[in-house]
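See below for the structure under consideration.
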Amino acid sequence: MPAYHSAMKSLESLDKKDIQEAKSFTKPPALVEVVLKAVCLLLGKKETWDDAKKVMGDMGFLQSLKSYDKDSLASNQKLTAKLQTYISRDDFNAESVSRVSKAATSLCMWVIAMDVYGRVARGIEPKKAKLAEAEKMLADAEHQLAAKKAVLKEVEDRVEGLRAKLSQAKQKAQQLEKDMEIATIKLGRAEKLLAGLGNEAVRWKAASEQLEQNLKDIVGNVVLGGGFVAYLGPFTADFREKLTEKWIQECLGEEVQLAVDSRWSCDAVLGDPA
């Protein structure tokens, strides 16, 4: 703010001699008194010449002007309104005051700068409030965004984990399909083998039963065979057959009780087994 910086630069140019010169007035020029009353008003002092001299007599006077809390003027409308009773004067300007006092000129510039700063700050205050509100909304939005990003990251991680599990499940399913195909083939082969073995089992069972029966009949069969060879050779086939049937009945009768094949034949017992 140019007016503020000019006022500060003007204050820097003042020395104790300039302040002493303004303070030395017993009855100051009217414009000097007006400027000092305005200064007293801003500093929270009584607006009298005696109080103005006390203020100027303070060793920290100039420093108090330089470090003045100008930001407080934006909210202190009562003070700034009262300050207008001095500022609004046509002769309250550096050019007019410079004709009567160097020190009062710098102080006049300072008062004007404080007034300008206060009015500007008061106009900026709503904008500052809106800016603060906007910044708060932005911070809240960023916080919500960060929270949603964290949730999104968690969801993405879960989705990635599910994708990995799905991939593993697909691989396992493919392997199971292959295993099932192999098992189906093996099962088919096993069923065929079992069917073949079932047929063989029937044949083996029949052969076993026949063999068992042959073992029971072997003595009788051999006896009949021996008798056939020894005694029936000279006879006709019909006579041999009838006599053989009679021998079989005799062997199976209660008196002999010799097991013999009821379908005994010479060829079956004595023939070539091939």
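The values are calculated or read from the model by the stated rules, or taken from the named source; none is laboratory data. Only a predicted model underlies this, so the values are computations on that prediction, with no experimental measurement involved. Backbone-built Cβ (ideal geometry, glycine too); neighbour counts: all protein chains shown.
Numbers below:
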quantity: Residue, surrounded by the most Cβ atoms within 10 Å (Cβ to Cβ), within segment 212-242, restricted to residues that are in contact (Cβ under 8 Å) with a residue 24 or more places away in the chain and hydrophobic (A, V, I, L, M, F, W, C); calculated: L224
quantity: Out of G44, G123, G118, sole residue that is modelled with pLDDT of 90 or more and either touching a helix residue (DSSP H, G or I) at 6+ places or on another chain (Cβ under 7 Å) or not hydrophobic (A, V, I, L, M, F, W, C) (or both); calculated: G44
quantity: Residue within segment 145-160 that is of a type outside the set (A, V, I, L, M, F, W, C), surrounded by fewer than 10 Cβ atoms within 10 Å (Cβ to Cβ) and at negative phi present; calculated: no
quantity: Hits in segment 46-77 - residues which are under 57 Å from the mean Cα position of the chain (by Cα) and exposed (fewer than 11 other Cβ atoms within 10 Å of the Cβ); calculated: S67, D69
